[in-house]
1. Along the positive direction of the dipole of the chain (beta-carbon charges: Lys, Arg +1; Asp, Glu -1; about the Cα centre), which of P165, A214, A140 reaches farthest?
2. Restricting attention to segment 1-105, which trypsin sites (Lys or Arg not before Pro) occupy a DSSP loop and are surrounded by at most 11 other Cβ atoms within 10 Å?
3. Given the C-alpha atoms of the chain, compute the convex hull and give its volume per residue in Å³.
4. How much net charge surrounds G13 when only the other residues with a Cβ under 11 Å from the Cβ of G13 are counted, with Lys and Arg +1 and Asp and Glu -1?
5. What size of dipole, in debye to the nearest 20, comes out for the chain about its Cα centre when the only charges are +1 on Lys and Arg C-beta atoms and -1 on Asp and Glu C-beta atoms?
6. Let me check I've understood the local charge: for N22, count other residues with C-beta under 10 angstrom from its C-beta, Lys and Arg +1, Asp and Glu -1. What total comes out?
Amino acid sequence: MRSGLLAIVPARGGSKGLPRKNLLDLGGKPLLAHSIAAALATPGIERVVVSTEDEDIARAARQWGAEVPFMRPAELARDESLLGEAVEHALEALAGQGYRPRAYCLLPPSHPFRHLEMMEELAASALEGFATVGTVRRMAPRTYFEPDGARYAPPELEQGPYFRPYGLFAAASLVPASRHFTREISDPAGLVDIDHAEDLLRARRILAANLFDARTGYLGCCW
């Protein structure tokens, strides 16, 4: 018998752009704690599990309310490791402990600004029979270049709008399902993706200026 929605927070110890990124301070708590807090506050999410190979991250995750019921193998936490392999490991480890969720969602710590209204909608959709539930961001139409450097866009690409997956929230059903649900993310806070020092600085400025509300999202017009 499958249960509810599992939140997986993937948080490995290594990071090229920003060393020890997941433990860096943002608003008085480590970066990964923001993803944990968003998951814990969301109705429908019944377990919040951090997948990591790093003991310091595991300790911080437990401190902020997440479970770490297994450690990720080091070979699944390298720069070249695939996230899908870590997810598969997490699901297999939990199944070995007798837990099989109905669906799971991924909440990477690099996206710290998830508000409750969005999380409620997406979590509910993940439990309502959708095969996948995810966030997307709008992209500019693709442009091509002639040999002389002139830009053009083929007519079939001029209609738009264009979107690509965006990792703020990505869920998949573990029971048979066929429909798909996406939500566009456009507010500046939701689009913060912390990979480098300037991204972390931007996130700190948003918090310092009180531009993010944990229930409704981005409050400002510019920053």
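Read-outs throughout are calculated quantities, based only on the coordinates presented, and are distinct from any laboratory measurement. Only a predicted model underlies this, so the values are computations on that prediction, with no experimental measurement involved. Methodologically, a virtual Cβ is constructed for each residue, glycine included, from the backbone with ideal geometry; neighbour enumeration extends over all protein chains shown.
1. Of P165, A214, A140, it is A214.
2. Listed in order of number, the matching sites are R2, K16, R78.
3. 156
4. That works out to +1.
5. 420
6. So the surrounding residues net to +1.
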